[in-house]
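Here's the structure, in structure tokens; my notes come after.
The values are calculated or read from the model by the stated rules, or taken from the named source; none is laboratory data. Treat the numbers as computed from the prediction; the structure is a model and nothing was measured. Here the Cβ positions follow ideal geometry from the backbone for every residue, glycine too, while neighbour counts run over all protein chains shown. When the accessible area is computed, the model is the full protein with side chains, heavy atoms only, and any ligands, DNA or RNA have been set aside. Shrake-Rupley method; radii C 1.70, N 1.55, O 1.52, S 1.80 Å.
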Amino acid sequence: MFEGNLVSLRALRAEDAAHHLRWRNDPEVVRWATAGDPGFGPVTAEAVARGFETMLRLNPRESAVFTIEELAGGRVIGMADYRDLDPYAGVATLGVTIGEREFWGRGHGRDAVRVLVNHLFGAYRLGRLELDTWSGNERAVRAFTGLGFQEEGRRRSAVLLEGKRYDTVLFGMLREEWESSV
């Protein structure tokens, strides 16, 4: 378990599937987490169960999914992950979703990313971390830049949501940037 100021990240458990099912079938969570990507939701309980079988067997040297719990009450509020960990290039991609709406905009997602960044740079010989969001998710953009991630590029008009086009915004953080901030 890794602890921050507002949240802790713990290993995924089979019983967390119920939370994932609820979040992935909440249109607002799907909208903000993935710009409405139908690959994220809605989903069936069977699909989530199959996905959990895979997630519970992930090799942490390559990828992992964590459950985010709020420190104050221990409530499960979201998920964080890293994937595509390449030990040769020294790069990994990470992500975060706060699935419980009442925790949106209160710093829990930002704290979860900070905890995950500290874990990844601390445990692995990585030179950089990457993540992305869509340009309409201003909360995520503020959280990522506030943590020291640099906007490195955009895939213009790559996201279509409710008939409107948005950019995919790409962020990166280098190890030396992280080291100078801790």
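Summary table
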{"quantity": "Single unsatisfied condition, residue 55 versus (1) at pLDDT below 95; (2) open to solvent by 30 Å² or more (accessible area, probe 1.4 Å); (3) touching an Asp or Glu at 6+ places or on another chain (Cβ under 9 Å)", "calculated": "(1)"}
{"quantity": "When residues of the range 125-161 are limited to those that are outside any strand (DSSP E or B) and among the hydroxyl-bearing types (Ser, Thr, Tyr), the one least open to solvent (accessible area, probe 1.4 Å)", "calculated": "135"}
{"quantity": "Some residue of the range 97-113 being on the phi > 0 side of the Ramachandran plot and touching a Leu at 6+ places or on another chain (Cβ under 7 Å)", "calculated": "yes"}
{"quantity": "So residue 122, is it more than 23 Å from residue 24 (Cα to Cα) and either of a type outside the set (Lys, Arg) or not in a helix (DSSP H, G or I) (or both)", "calculated": "yes"}
{"quantity": "For residue 50: the one exception among (1) closer than 20 Å to residue 24 by Cβ; (2) out of contact with any strand residue (DSSP E or B) (no Cβ under 7 Å at 6 or more places or on another chain); (3) touching a residue at least 24 places away in the same chain (Cβ under 8 Å)", "calculated": "(3)"}
{"quantity": "Single residue of the range 10-33 satisfying the filter (under 17 Å from residue 82 (Cα atoms) and small (Gly, Ala, Ser)) that is surrounded by the most Cβ atoms within 10 Å (Cβ to Cβ)", "calculated": "33"}
{"quantity": "Cross-chain or 6+ apart pairs with Cβ under 6 Å, the range 56-83 first and of a type in the set (D, E, K, R), then in a loop (DSSP other than H, G, I, E, B)", "calculated": "83/63"}
{"quantity": "Given (1) open to solvent by 40 Å² or more (accessible area, probe 1.4 Å); (2) under 17 Å from residue 11 (Cβ atoms), number of the condition residue 120 does not satisfy", "calculated": "(1)"}
{"quantity": "Which numbered condition residue 89 fails, given (1) of a type in the set (A, V, I, L, M); (2) assigned to a strand (DSSP E or B); (3) over 18 Å from residue 21 (Cα atoms)", "calculated": "(2)"}
